[in-house]
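One structure is given here, and the rest of the page talks about it.
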Amino acid sequence: MFLFAGLGNPGPKYAGNRHNVGFMALDAICRRHRLGPLRRRFQSAAAEGEIAGEKVIALFPETFMNESGRAVAEAQRFYKIPLDHIFVFHDELDLPPAKVRIKKGGGNAGHNGLRSITAQCGNDYWRIRLGIGHPGDKALVHAYVLNDFAKSEKGWVDAVSDACADFAELLVKQRTDEFQNRTHLFLEAQGFGEQKRVGEKG
């Protein structure tokens with residue numbers, strides 16, 4: 001069994017925030033692969049189903065971002081899911097918009113959702129890093145991630161979500177390098193290969 005966790009904050013107030021791009025990607029996966037219906041479980045909205053013949057539980061933690069680990073750990077313990085079968089979709093300030101990268105373990109780069117999961121579960125789970133760019137000044141980060149995506153960003157946000165949905169089966173087949181390569185090529189084909197960081201000129 002595999003656990004897919006999207007990171008974000010619950011409720012309509014936060015639904016369009018940059019911090020919620022993990023929720024957006026996981027929502028696209030659930031729609032594409034018909035996971036569901038959503039039920040309240042594990043301090044989350046949770047959906048179950050199959051992707052490429054493998055059982056998957058999709059979690060949208062309702063604990064708020066900083067306590068995401070409580071929800072993920074509860075589901076992990078219930079199903080006895082190994083860490084290398086956990087994939088966490090999250091916003092990444094250190095990647096330009098429309099870049100998707102995957103890695104297992106490593107640092108949390110100041111991301112409180114990842115820090116919480118690592119504290120509750122351990123570190124060797126997979127991160128699907130969804131680039132949102134950086135506002136250019138550390139003092140602006142909090143407001144930046146809790147603001148909605150601009151209308152002009154909708155195209156690449158939808159494309160990133162579509163890419164995650166299209167290639168989710170590669171994750172459960174544990175072909176993670178291929179997942180990264182295919183998402184990269186897909187986004188380039190959609191015209192999002194060279195998105196600029198926020199505030200970047202030219």
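Every read-out reported here was derived from the displayed coordinates using simple, explicitly stated rules and does not represent laboratory data. No experiment lies behind these values; they were computed from the predicted model shown. Reconstructed Cβ throughout: ideal geometry from the backbone, glycine too, with neighbour counts over all protein chains shown.
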Per the filter on the range 111-126, residues free of Cβ contacts under 8 Å to residues at least 60 places away in the same chain and among the small types (G, A, S) are S116, A119, G122
Mind checking whether some residue in the range 20-42 is closer than 16 Å to R127 by Cα and among the aromatic types (F, W, Y)?
yes
Filtering the range 129-152 down to residues that are among the aliphatic types (A, V, I, L, M) and in contact with a helix residue (DSSP H, G or I) (Cβ under 7 Å, 6 or more places away or on another chain) yields L130, I132, V145, L146
Result of the Cβ filter at 6 Å on the range 151-169, keeping first residues that are under 16 Å from N17 (Cβ atoms) and partners that are in a helix (DSSP H, G or I), at least 6 apart or interchain, is S161/M24; S161/A25; S161/A28
Scanning the range 113-128 for residues that are out of contact with any helix residue (DSSP H, G or I) (no Cβ under 6 Å at 6 or more places or on another chain) and closer than 17 Å to E67 by Cβ, the one surrounded by the fewest Cβ atoms within 10 Å (Cβ to Cβ) turns out to be R115
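Of all residues in the range 8-45 being of a type in the set (G, A, S) and in a helix (DSSP H, G or I), which is farthest from F149 (Cα to Cα)?
By that ranking, first place goes to A28.
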task: Can you confirm whether the range 153-161 contains a residue that is surrounded by 13 or more Cβ atoms within 10 Å (Cβ to Cβ) and acidic (D, E)?
output: yes
Picking from G136, G131, G122, G110, the residue that is under 16 Å from the mean Cα position of the chain (by Cα), over 20 Å from A28 (Cβ atoms) and of a type outside the set (F, W, Y) would be G110
Here the residues within the range 65-110 that are in a loop (DSSP other than H, G, I, E, B), touching a residue at least 60 places away in the same chain (Cβ under 8 Å) and in contact with a strand residue (DSSP E or B) (Cβ under 6 Å, 6 or more places away or on another chain) are I81, P96, P97, K99
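Table: residues versus (1) surrounded by fewer than 16 Cβ atoms within 10 Å (Cβ to Cβ); (2) free of Cβ contacts under 8 Å to residues at least 24 places away in the same chain.
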{"site": "A5", "(1), (2)": "no, no"}
{"site": "Y14", "(1), (2)": "no, no"}
{"site": "V21", "(1), (2)": "no, no"}
{"site": "C30", "(1), (2)": "no, no"}
{"site": "R40", "(1), (2)": "yes, yes"}
{"site": "A46", "(1), (2)": "no, no"}
{"site": "I51", "(1), (2)": "no, no"}
{"site": "K55", "(1), (2)": "yes, no"}
{"site": "L59", "(1), (2)": "no, no"}
- Task: Inspect the range 46-58 for any residue being outside any strand (DSSP E or B) and either among the basic types (K, R) or within 23 Å of P135 (Cα to Cα) (or both) and give the result as yes or no.
- Result: no
For the range 152-182, the count of residues that are in a helix (DSSP H, G or I) and farther than 14 Å from P97 by Cβ equals 16
